[in-house]
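Peer 1: Take a look at the following structure, please.
Derivation of every value follows stated rules applied to the coordinates shown; laboratory data play no part. Computed from a predicted structure; not experimentally measured. When we count neighbours, we look across all protein chains shown, and the Cβ atoms used for this are built from the backbone with ideal geometry, even at glycine.
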Amino acid sequence: MTQGQDMPRWGVVATVDEPAALVAAYVAHHLSIGASEVHVFFDRPNPEAEALLAPVDGAFIHHSGDDDWARSWRKKRPARHQGRQKYNATRALNETKLDWMIHCDADEFVSLARPLEWELAKTGEQKAWLRLEMDERCYLDRNPGPDIFSGVFRRRWDGFQEDGLMFYGLRSRFLKKGLAGHVAGKPVVRAGRGYAIGVHYPLKDWDSKENDLPYRPSYNGRLMHFDGLTPLHCILKMLRRATTKVKGQPVPYVGSRKAQFAEAAERAADPAELMSLWWEVQGMRDYEADELEAHELLIRPEVKIAAETRALFGDKVDLSLAAFDRALLLHEAELIARLREEFGFDPEPLVSSA
């Protein structure tokens with residue numbers, strides 16, 4: 001891009017089904033780091049979140065299926081949430097006037113070393129997309145605080161298969177390449193070329209299944225992944241996945257994730273055991289953190305999400321763990337009732353007090 005031309009404009013899209021505070025933080029953060037548009041597709045109605053976002057310039061409110069699923073197979077709602085994510089992200093990409101669109105979840109926050117448009121302006125036309133690698137939030141303290149974004153971040157460990165068992169012991173069965181969540185990253189995709197956006201990478205068109213568009217990893221941006229904003233949130237996500245079936249079959253996940261979900265189901269009636277599982281999956285001993293940090297596999301960044309959220313919403317949004325968990329009890333009442341009936345699950349002992 002030559003001097004004097006406008007810099008590329010970019011936006012973010014997510015399909016969300018989370019308490020309002022997290023949705024507000026997602027919007028506030030991405031607008032604060034330079035997104036021109038943040039598109040939020042509510043997978044079910046969330047009046048509190050919608051009221052927060054309605055007056056915000058740059059925030060665009062949608063609802064899954066509010067176009068009657070015009071582009072989907074037989075115009076039906078996709079049964080799997082991954083299908084709805086693909087549909088909504090592709091819709092945003094096709095409708096936007098921006099140059100690029102990032103597809104990432106409500107618990108994934110873009111982190112930039114420099115303004116993203118600086119890197120996009122230097123990206124050759126032959127590249128269809130950039131991949132944002134993952135930094136996964138974990139904990140050094142069993143009592144996280146002061147807000148839902150506290151903690152440190154570990155990075156993908158390519159030598160994990162050889163050395164992970166010796167380093168983590170039996171906890172290693174819950175991790176893949178050193179991470180408890182996904183390692184695939186998320187895409188920054190050029191708009192205006194007719195692409196579709198899958199969960200982790202774009203496609204030439206809606207019917208393609210091949211990851212064959214030219215790309216490179218971003219050297220400027222990464223994703224901060226908060227896979228569970230509180231211990232309760234993390235545990236509920238595990239138990240939801242352990243009990244979710246589509247067309248009578250469990251939703252497929254990699255072995256480390258299946259191990260987490262199976263263990264959560266096994267311990268579901270015992271709150272103390274569930275908290276122990278959360279710590280096994282997301283906790284980090286000090287000496288482990290020091291060792292990973294020495295090998296550049298753990299970082300301790302200054303996370304500004306809470307301040308960015310206050311700057312946009314003032315005291316309308318409470319990002320404390322206790323407030324988030326109380327909102328979560330209401331938001332996930334149907335899931336909790338099902339888990340109580342199936343397992344004898346009781347969320348109250350897991351609710352944060354801070």
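Peer 1: For segment 153-230, what's the relative contact order in percent, using C-alpha pairs closer than 8 Å and at least 6 residues apart?
Peer 2: Computed value for segment 153-230: 19 percent relative contact order.
Peer 1: Also, I was wondering about something else. Among all the lysines, which ones have a C-alpha under 22 Å from residue 75's C-alpha, if same-chain residues fewer than 8 places away are not counted?
Peer 2: 86, 204, 209, 245, 247
Peer 1: To continue, here is another question. So what's the net charge close to residue 217: Lys and Arg +1, Asp and Glu -1, counting the other residues with Cβ under 10 Å from its Cβ?
Peer 2: Charge balance in the 10 Å sphere: +2.
Peer 1: Moving to a separate point now. Would you tally the net charge around residue 199, using a Cβ to Cβ cut-off of less than 13 Å, leaving residue 199 out, and scoring K and R as +1, D and E as -1?
Peer 2: Spelling it out: positives minus negatives among the neighbours equals +4.
Peer 1: Using DSSP to define loop residues, name the trypsin sites (Lys or Arg not before Pro) in segment 1-81 whose beta-carbon has at most 15 other beta-carbon atoms within 10 Å.
Peer 2: 71, 76, 80
Peer 1: Over the chain, what is the mean sequence separation of C-alpha contacts under 8 Å (at least six apart), divided by residue count, expressed as relative contact order in percent?
Peer 2: Worked out over the chain, it gives 21 percent.
Peer 1: How big is the dipole moment of the chain about its Cα centre under a simple scheme where the beta carbon of each Lys and Arg is +1, that of each Asp and Glu is -1, and everything else is neutral? Debye, nearest 20, please.
Peer 2: Once rounded to the nearest 20, the dipole reads 1340 debye.
Peer 1: With the contact rule set at Cα under 8 Å and sequence spacing of 6 or more, what percent relative contact order holds for segment 190-336?
Peer 2: After rounding, I find 15 percent.
Peer 1: Please give every one of the aspartates and glutamates within straight-line cross-link reach of residue 258, meaning a C-alpha to C-alpha distance under 19 Å, and leave out same-chain neighbours fewer than 8 residues apart.
Peer 2: Here the aspartates and glutamates satisfying the reach criterion relative to residue 258 are 136, 227, 266, 273, 280, 342.
Peer 1: May I pose another question? At a 10 Å Cβ-Cβ cut-off, how would you order 225, 103, fewest neighbours first?
Peer 2: By the 10 Å Cβ count, ascending, the order reads 225, 103.
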